[in-house]
Amino acid sequence: MKIRIIQKKDVQQILQIYAPYVLNTNITFEYDVPSLKEMSLRIEKISKKYPYLVVEEDDEIIGYAYACTFHERKAYEWACELSIYVKESYHGKGIAKELYLKLFAILQEMNIQTVYACITVPNDKSKRFHQALGFKQNALFHQCGYKFNKWLDVIWMEKSIGQYGQVDNFIPFSSLSIDKINKCLNN
């Protein structure tokens, strides 16, 4: 198993992992699976500012995780939202945890202080996973999404990965040195 930065050649496999979540679950609030072009543009946009990681086994992508903007205003630069998707047949094998740990390490190099996860409820599996990694629930939004003819609640969970106090400037992912990235990925 290898965790690395996403490459353009990975987009089709990313879509194959994501599609069942869109079509069969409330985990994502998307109704339609994005096109290859749309997903490529999303990844390109995210990757300029934040890490987008994949985990592969025998040249097959089996999961991915990324960070993205929490809110647009300047004061939010030290916070980000996380997303993670793993092929169903690989659930429960520690892959999501490894992806998140590598993601946390890179985000700390970027001077991120707080990470957030938005989870549709009920999703006890995701809630327990995040709690095991030190996330705490800090908000519940009632009936804020509608999918599969049903109103859905979401919870927001947060985790501190920084020191707070005096903080250094946010460093976009695209500005991190390859040495720092590789150090995070190889530890």
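The values are calculated or read from the model by the stated rules, or taken from the named source; none is laboratory data. Only a predicted model underlies this, so the values are computations on that prediction, with no experimental measurement involved. Glycine also receives a Cβ, built like all others from the backbone with ideal geometry; neighbour counts cover every protein chain displayed. Remember, those area values only see protein heavy atoms, side chains included, never the ligands or the DNA or RNA. Shrake-Rupley method; radii C 1.70, N 1.55, O 1.52, S 1.80 Å.
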Please enumerate the residues belonging to the range 1-43 that are among the acidic types (Asp, Glu), part of a helix (DSSP H, G or I) and closer than 26 Å to Gly145 by Cβ. Glu38
Among residues of the range 155-177 being among the aromatic types (Phe, Trp, Tyr) and in contact (Cβ under 8 Å) with a residue 60 or more places away in the chain, the residue surrounded by the fewest Cβ atoms within 10 Å (Cβ to Cβ) is Phe170
For Ser89, only one of the following conditions fails: (1) surrounded by 16 or more Cβ atoms within 10 Å (Cβ to Cβ); (2) of a type in the set (Gly, Ala, Ser); (3) more than 20 Å from Ile171 (Cβ to Cβ). What is its number? (1)
So which residues in the range 70-106 are of a type in the set (Lys, Arg) and either assigned to a loop (DSSP other than H, G, I, E, B) or over 15 Å from Leu53 (Cβ atoms) (or both)? Arg73, Lys74, Lys87, Lys93
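Matching residues to (1) assigned to a strand (DSSP E or B); (2) under 23 Å from Leu23 (Cβ atoms):
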| residue | (1), (2) |
| --- | --- |
| Ile112 | no, no |
| Lys125 | no, yes |
| Asn138 | yes, no |
| Gln143 | yes, yes |
Kindly indicate the residue of the range 136-153 that is within 17 Å of Asn24 (Cβ to Cβ) and free of Cβ contacts under 8 Å to residues at least 24 places away in the same chain and also least open to solvent (accessible area, probe 1.4 Å) among those meeting that condition. Tyr146
